[in-house]
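*Asks:* Structure incoming, see below.
The values are calculated or read from the model by the stated rules, or taken from the named source; none is laboratory data. Because the structure is a prediction, the values reported are computed rather than measured. Note that each Cβ is placed from the backbone with ideal geometry, even for glycine, and that neighbours are counted across all protein chains shown. The accessibility values were calculated without ligands, DNA or RNA, using every heavy atom of the protein model including side chains. Shrake-Rupley method; radii C 1.70, N 1.55, O 1.52, S 1.80 Å.
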Amino acid sequence: MFDTVRLKAENIVVESVVLETLDAKVTTYLDKNTRLITDVYTFVCNRSPFVKYSTTTFVLEVELSIPKFIFSENIVLLTTRDVEFFYTLLSHQLRNVLKVDIDRSEWKVKRIDVCWNFNVGNKVTDYLFQLPNRNGNLAEQQQ
């Protein structure tokens, strides 16, 4: 069963007009490799406690507890249907706030917390080796 995830999507262009409306912490720096001035926006987005966006790399990262995001608490056990609903809900939220459409196939999983009741028997090592090999599709990882 999944709890907290950190998802990353690349090549996401958020218009500067939209970024200016956010209540965000903005960090500006000169990228030593590209020599470009970069703004990194970090903010809370409704039920997503951590959202980060870079204006030069066009990378969007979101970290949240899936059960808390869906059910407003993290003690409800997720089903495969819930994971699919999570992507729909996240997509709607990002469309409303950032005016971007991100297909679930564009997300890559950077972090995933598997909670106590994800019983795999003596195959723990197999699961640990397989998790990084997926292209961020949580529904496939849960099966």
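*Asks:* Assign one of three labels to the chain, namely rounded, prolate or oblate, based on the Cα gyration tensor with a ≥ b ≥ c the square roots of its eigenvalues; rounded applies when a/c is under 1.5, prolate when it is not and a/b is larger than b/c, and oblate otherwise.
*Replies:* Working: a/c = 2.36, a/b = 1.67, b/c = 1.41.
Prolate, since a/c reaches 1.5 and a/b exceeds b/c.
*Asks:* So what is the relative contact order of the chain, in percent, for Cα pairs below 8 Å that sit 6 or more residues apart? The partial results should precede the final answer.
*Replies:* On the way: 228 pairs, mean separation 45.2, N = 143.
Over the chain, the number comes to 32 percent.
*Asks:* Taking the chain, how many lysine pairs are there with alpha carbons less than 23 Å apart, if each pair must be eight or more places apart or span two chains?
*Replies:* 19
*Asks:* May I ask you to evaluate 6.51 cos²θ - 1.76 cosθ + 1.60, the Karplus curve with θ = phi - 60°, for each residue of segment 88-105 and list the ³J(HN,Hα) values in order in whole Hz, giving x for glycine and proline?
*Replies:* 5, 5, 4, 4, 4, 4, 5, 5, 5, 8, 9, 6, 10, 10, 10, 6, 4, 6
*Asks:* Take the Cβ-Cβ distance between Thr42 and Thr79 as r, set R0 to 22 Å, and report the resulting FRET efficiency rounded to the nearest 0.05.
*Replies:* On the way: r = 31 Å, r/R0 = 1.43.
Between Thr42 and Thr79 the formula returns 0.10.
*Asks:* Per-residue counts of other Cβ atoms within 10 Å, averaged by peptide: what ranking do you get for 60-72, 28-40, 88-100, highest first? Don't jump to the answer; show the numbers that get you there.
*Replies:* Working: 60-72: 19.0, 28-40: 10.7, 88-100: 15.8.
Top of the packing list down: 60-72, 88-100, 28-40.
*Asks:* Give me the dipole magnitude in Debye, nearest 20, for segment 2-116 about the Cα centre, with unit charges on the beta carbon: positive for Lys and Arg, negative for Asp and Glu. Write down the numbers at each step before the final one.
*Replies:* Values: 15 positive and 16 negative charges, 46 e Å.
Roughly 220 debye for segment 2-116.
*Asks:* So, one more: Let me cross-check Glu10: its accessible surface, 1.4 Å probe, with only protein heavy atoms counted, in Å² to the nearest 10?
*Replies:* 80 Å²
*Asks:* Just report the Cα centroid separation between segment 56-89 and segment 19-40, whole Å.
*Replies:* 26 Å
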